[in-house]
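Notes follow once the structure below has been shown.
The values are calculated or read from the model by the stated rules, or taken from the named source; none is laboratory data. These figures come from a predicted structure and were not determined experimentally. Here the Cβ is made from the backbone with ideal geometry for all residues, glycine too, and neighbour counts use every protein chain on show.
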Amino acid sequence: MVEKCKNNSRKDISRLGWTVLALAFTAAMIYNPRIVFEGSVTGLKTWWNIVFPSLLPFFIASELLMSFGVVHFMGVLLEPVMRPLFKVPGAGSFVMAVGFTSGYPIGAMLTARLRSDGLCTRVEAERLMSFTNNSSPLFMLVAVSVGMFNNPGLGVLIAGAHYLSNLTLGLILRFYAGGDPERLADQPVSGRGVVRQAFRKMLQQQRQENRPVGKIMGDAVKNSVTNLLNIGGFIILFAVIIKLMSTAGIIEAFARTLGIFLLPLGFAPDILPALGSGFFEMTIGSKLASEAAVPLLQQVVAVGMILAWSGLSVHAQVASMISETDIRMLPFIVSRVCHTCLAGLYTYLACTWAGPLEEIAAPVMAISRYFRDPGLISLNFKIFLLFIFLLAAIIITALLLHTFRDMRLLITRIKI
């Protein structure tokens, strides 16, 4: 009874705090209507021109694939890879594939769907959501490198460091909450006929789907548009908040606070406002970082950190996606901090290894030179080989771990 009263008191204090913030936000909007309008227009343009067209096809496709049982097929087939490496079910490979190719916050949406369907435990969902939420490759390779830096050569470095740091985070998260009390039925993934078992699981799921194909497609489009409208609302809201906070000088004060930790690491003071804005919204922060009067290396590292943190706007979108499940937000937020540190380190190492960035970067109007320059081709080829090596290492390691586990179980049975 005492514990229940304490929990109610905490909830009351929390809601009272949110009420005060809502009242302050409303008062600021009434006092600055022009700034609010400008922020709303900026957020709307970002959502309509970038987010909506880039995410809608992936949202619809993921809804259709899950309805047709493809996630169950991948769950059986890739259990030997996902379980030993990331300690998540094989169905997580579907979330990983879509999350790495489409961008925020679809990884959270699909993870919540897996949890609701009973395909993963809560701890597994928290692990999966924490390393499958990535910035869109289209955003990094086009919007950032070409649109902001006017240098398509930087896109590979930024995206490579971003994905590599998130994969590293996924390997680390396998040690998170090792004593998970919740257990699901193991997938039959060892022995012969694993492909046949995967197809059987997919067909079983399709038989349980009673909706006609037209209804499935209609629901996929409706759910996708609804989710994107929700995301658009968050983008516009945070665009307005950033405008108001910038006018009030809060962003500048927050940037000075970040300087306490970042200036000793060698960051220039001029890059701090971009990092402060990126704390709230990554698109605005990345744009400011590309325009900051600092060396190009610091601009690229700052963008890598901003994209990894993703901004409170994306955090709010993720919280909305998992609101109807028991998945907790704290592991996700902690993992974003770790991803920020790893991405900053990996981006710095990648840029240092690649050589002078001014020589690597190619202007947009010289795309043909970008593909003809032997130095640039050599750089891209080295990065391509690195990714092939990492992919092969992941698969081989997973298979070796799975084989070792089967051998250990066999030895244990022989002893018995």
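For every residue, the table says whether it meets (1) part of a helix (DSSP H, G or I); (2) hydrophobic (A, V, I, L, M, F, W, C); (3) within 26 Å of A308 (Cβ to Cβ).
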residue: W18; (1), (2), (3): yes, yes, no
residue: F25; (1), (2), (3): yes, yes, no
residue: R34; (1), (2), (3): yes, no, no
residue: G39; (1), (2), (3): yes, no, yes
residue: F52; (1), (2), (3): yes, yes, yes
residue: F59; (1), (2), (3): yes, yes, yes
residue: H72; (1), (2), (3): yes, no, no
residue: Y104; (1), (2), (3): no, no, yes
Single match in P57, P84, P53 (criterion: out of contact with any strand residue (DSSP E or B) (no Cβ under 9 Å at 6 or more places or on another chain) and in contact (Cβ under 8 Å) with a residue 12 or more places away in the chain): P84
Within segment 106-125, take every residue that is small (G, A, S) and in a helix (DSSP H, G or I) and give me the one that is farthest from F175 (Cα to Cα). S116
If you check L64 against the conditions, is it buried (at least 21 other Cβ atoms within 10 Å of the Cβ), touching a residue at least 40 places away in the same chain (Cβ under 8 Å) and within 26 Å of A316 (Cα to Cα)? no
State whether one or more residues within segment 151-170 are under 21 Å from the mean Cα position of the chain (by Cα) and surrounded by fewer than 16 Cβ atoms within 10 Å (Cβ to Cβ). no
Near pairs, Cβ below 8 angstrom, 6+ apart or cross-chain, from segment 265-276 (on the phi < 0 side of the Ramachandran plot) to any residue that is polar (S, T, N, Q): F267/Q298; A268/Q298; I271/Q298; I271/Q299; A274/S286
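Working only within segment 67-76, note down all residues that are surrounded by fewer than 22 Cβ atoms within 10 Å (Cβ to Cβ) and of a type outside the set (G, A, S).
First, the residues of segment 67-76 that are surrounded by fewer than 22 Cβ atoms within 10 Å (Cβ to Cβ): 67-70.
Within segment 67-76, F68, V70 meet the criteria.
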For segment 126-152, name all the residues that are at pLDDT below 90, within 15 Å of Y163 (Cβ to Cβ) and assigned to a helix (DSSP H, G or I). P137, L138, F139, M140, L141, V144, S145
Within segment 349-365, is there a residue that is of a type in the set (V, I, T), touching a Pro at 6+ places or on another chain (Cβ under 8 Å) and surrounded by fewer than 16 Cβ atoms within 10 Å (Cβ to Cβ)? yes
Residue by residue through segment 75-93, note down the ones that are part of a helix (DSSP H, G or I), among the aliphatic types (A, V, I, L, M) and modelled with pLDDT of 80 or more. M82, L85
Based on this model, can you work out whether G179 counts as assigned to a loop (DSSP other than H, G, I, E, B), small (G, A, S) and modelled with pLDDT of 85 or more? no
Residue set I242, I251; condition at negative phi, touching a Pro at 6+ places or on another chain (Cβ under 9 Å), not hydroxyl-bearing (S, T, Y) and not in a loop (DSSP other than H, G, I, E, B); output residue I251
Number of positions in segment 261-282 that are buried (at least 23 other Cβ atoms within 10 Å of the Cβ) and of a type in the set (D, E): 1
Please specify each residue of segment 305-333 satisfying the condition of being farther than 20 Å from F254 by Cβ and in a helix (DSSP H, G or I). Q317, V318, A319, S320, M321, L330, P331, F332
Within segment 25-49, which residues are charged (D, E, K, R), loosely packed, with under 13 Cβ neighbours inside 10 Å and closer than 24 Å to Y104 by Cα? none
Filter result (assigned to a helix (DSSP H, G or I) and free of Cβ contacts under 8 Å to residues at least 24 places away in the same chain) within segment 205-239: R207, Q208, V213, G214, K215, G218, K222, T226, L229, G233
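Working carefully through the options L157, L171, L228, find the one that is of a type outside the set (K, R) and either farther than 28 Å from W47 by Cβ or modelled with pLDDT of 90 or more (or both).
Exactly one of L157, L171, L228 is of a type outside the set (K, R) and either farther than 28 Å from W47 by Cβ or modelled with pLDDT of 90 or more (or both), namely L171.
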Just to verify a result, which residue in segment 255-289, among those that are under 18 Å from the mean Cα position of the chain (by Cα) and of a type in the set (S, T, N, Q), is modelled with the lowest pLDDT? T283
